Amino acid sequence: MAKKSKSQERMESMQHHVLICCGPSCTQASSEDVLAAMHECVKTENLDEKVRITVTDCMLRCSQSPTVIVYPDGVWYQKMTPEAAERIVKEHLVLGDFVAEKAQYRFLGGKFEPCKVRKVKDK
């Protein structure tokens, strides 16, 4: 059996992919502060090998900026702050509960639905 590359090992250990919008509106609304807080909290919680953070261009949700999406759960967060970023790491990524007051949509049943429940994990 061939030895796995570091890239392959990292992908196989990953549990969440976090997308942070750094388009013009989100940047103006301090998405870079949200990004810094998210990176710091992921590091503090020792999630470096389990969480991938990716900066994106505009997600077309400018009126809800800054926007953050967490996969594989497909939860779209709106009007993010550094404090909310820390809560997302601790509550969503660690405990499996999304941050209800910041969650706007969740991919469920093949489409995005408005968030109405707190638990990310299905029955």
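Taken together, the values in this text are just the output of simple stated rules run on the coordinates, not laboratory data. Because the structure is predicted, anything quoted here is derived from the model rather than measured. Don't worry about glycine lacking a Cβ; one is built from the backbone with ideal geometry, like all the others, and counts go over all protein chains shown.
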Say the cut-off is 30 Å between C-alpha atoms; which of 4/79; 43/111; 50/79; 6/90; 4/111 go over it? 4/79; 43/111; 4/111
Note on region 13-114: contact order normalised by length, alpha-carbon pairs under 8 Å, 6 or more apart, percent, works out to 30
GNM on the chain, Cα springs under 10 Å; top mean-square fluctuation among 20, 53, 69 goes to 53
The chain: angle of helix 31-44 to the longest principal axis, Cα-based, in degrees nearest 10: 40
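Can you list which of the GluC sites (Glu not before Pro) found in region 1-73 are DSSP loop residues with at most 13 other C-beta atoms within 10 Å? Please report the intermediate quantities before stating the final value.
Numbers: sites: 9, 12, 32, 40, 45, 49; in loops: 45, 49.
Of the GluC sites (Glu not before Pro), the ones in loops of region 1-73 whose Cβ has at most 13 other Cβ atoms within 10 Å are 49.
Given N residues in the chain, what is Rg(Cα) / (2.2 N^0.38 Å)?
Working: Rg = 14.6 Å, N = 123, 2.2 N^0.38 = 13.7 Å.
Ratio of Rg to 2.2 N^0.38 Å for the chain: 1.07.
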